[in-house]
Amino acid sequence: MPKEIERQWLLTRLPEGLGEGTEIIQGYLAPGDPEVRVRRKSNRFFLTQKKGEGLVRDEGKGEVEISADDFEILWPLTVGAQLRKFRYCVTSPVGLVWEVDVYGDRLAFLFVVEVELSEEGRIPCIPELVRPYIVREVTNDLRYQDKNLAVMLNEFKKALKS
């Protein structure tokens with residue numbers, strides 16, 4: 001089974017000079033373990049299954065592209081576990097792609113950066129554009145996993161309505 005090795009850091013704010021971002025909306029059909037999500041990224045649509053938490057996770061069959069029609073059928077099933085974010089990519093001098101995510105809606109104060117690595121023990125060199133804004137690493141802090149943020153956001157919205 002393919003593995004995803006990913007580290008994530010909390011940022012104080014959005015770094016300047018990132019260029020154009022891409023809007024991503026995603027919702028979880030199953031926010032547990034394994035998690036199953038659908039995602040719209042620009043005009044492309046994906047279904048993804050992942051298992052585990054923290055630094056190393058199983059990706060199952062990975063991210064599978066689906067049609068817009070399939071996405072529209074599945075999206076209503078994610079009510080209660082949805083989020084929106086904008087993603088900006090920064091390529092480091094050694095070729096690693098760092099993804100800076102800025103969340104939307106009631107999570108608009110949250111900024112994170114993550115990088116996917118080829119091996120567990122690799123210590124990445126953080127790009128200069130991002131380094132001044134890093135607060136701390138949150139790779140193993142479950143509060144910063146998108147599936148947990150999506151569920152928490154829904155609970156917050158429900159609390160505001162009552």
Practice item. Of all residues in segment 100-119, count the ones that are more than 10 Å from the chain's Cα centre (by Cα) and assigned to a strand (DSSP E or B). Key: 4
Exercise for review: Taking only segment 113-132 into account, find how many residues are at pLDDT 95 or above and among the acidic types (Asp, Glu).
Suggested key: 1
Practice item. Tell me which residues, restricted to segment 22-45, are among the small types (Gly, Ala, Ser) and modelled with pLDDT of 95 or more. Key: Gly27
Revision key, fill the gap. Reported set for segment 76-87 where residues are open to solvent by less than 40 Å² (accessible area, probe 1.4 Å) and either under 14 Å from the mean Cα position of the chain (by Cα) or of a type in the set (S, T, N, Q) (or both) is Thr78, Ala81, Leu83, Lys85, Arg87
Review point. If you take the residues of segment 24-75 that are in contact with a helix residue (DSSP H, G or I) (Cβ under 7 Å, 6 or more places away or on another chain) and assigned to a loop (DSSP other than H, G, I, E, B), which of them is surrounded by the most Cβ atoms within 10 Å (Cβ to Cβ)?
Key: Pro31
Review point. When Gly95 is evaluated against the numbered criteria (1) of a type outside the set (Asp, Glu); (2) open to solvent by 30 Å² or more (accessible area, probe 1.4 Å); (3) assigned to a strand (DSSP E or B), which criterion, by number, is the only one it fails?
Key: (3)
Review point. What are the pairs, 6+ residues apart or on separate chains, where a residue within segment 1-30 that is without any contact (Cβ under 8 Å) to a residue 24 or more places away in the chain has its Cβ under 6 Å from a residue that is part of a strand (DSSP E or B) and open to solvent by less than 50 Å² (accessible area, probe 1.4 Å)?
Key: Ala30/Val36
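Give me a count of the residues in segment 133-158 that are aromatic (Phe, Trp, Tyr) and either within 18 Å of Cys89 (Cα to Cα) or open to solvent by less than 50 Å² (accessible area, probe 1.4 Å) (or both). Step through it out loud before you land on a result.
Within segment 133-158, the subset aromatic (Phe, Trp, Tyr) is 133, 144, 156.
Now drop any that are not either within 18 Å of Cys89 (Cα to Cα) or open to solvent by less than 50 Å² (accessible area, probe 1.4 Å) (or both), which leaves 133, 144.
Count: 2.
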Practice item. Would you tally the residues in segment 1-23 being exposed (fewer than 14 other Cβ atoms within 10 Å of the Cβ) and under 26 Å from Gly80 (Cα atoms)? Key: 2
Practice item. Scan Glu20, Glu72, Glu16, Glu6 and give me the residue that is more than 21 Å from Val113 (Cα to Cα) and acidic (Asp, Glu). Key: Glu72
Point to revise | Tally of residues being touching a residue at least 60 places away in the same chain (Cβ under 8 Å) and either open to solvent by 40 Å² or more (accessible area, probe 1.4 Å) or in contact with an Asp or Glu (Cβ under 7 Å, 6 or more places away or on another chain) (or both) across segment 123-132 | key: 2
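Okay, residues lined up against (1) more than 21 Å from Val38 (Cβ to Cβ); (2) acidic (Asp, Glu); (3) in contact (Cβ under 8 Å) with a residue 40 or more places away in the chain:
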residue	(1), (2), (3)
Arg84	no, no, yes
Tyr88	yes, no, yes
Thr91	yes, no, no
Gly95	yes, no, no
Glu99	no, yes, no
Val102	no, no, yes
Glu114	no, yes, yes
Val138	yes, no, yes
Asn154	no, no, yes
Practice item. Restricting attention to segment 127-146, report how many residues are more than 14 Å from Glu6 (Cβ to Cβ) and either assigned to a loop (DSSP other than H, G, I, E, B) or of a type in the set (S, T, N, Q) (or both). Key: 4
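The values are calculated or read from the model by the stated rules, or taken from the named source; none is laboratory data. Bear in mind that the values here come from a model prediction, so they are computed numbers and not experimental data. Note that each Cβ is placed from the backbone with ideal geometry, even for glycine, and that neighbours are counted across all protein chains shown. Side chains included, ligands, DNA and RNA excluded: accessible areas come from the protein's heavy atoms. Shrake-Rupley method; radii C 1.70, N 1.55, O 1.52, S 1.80 Å.
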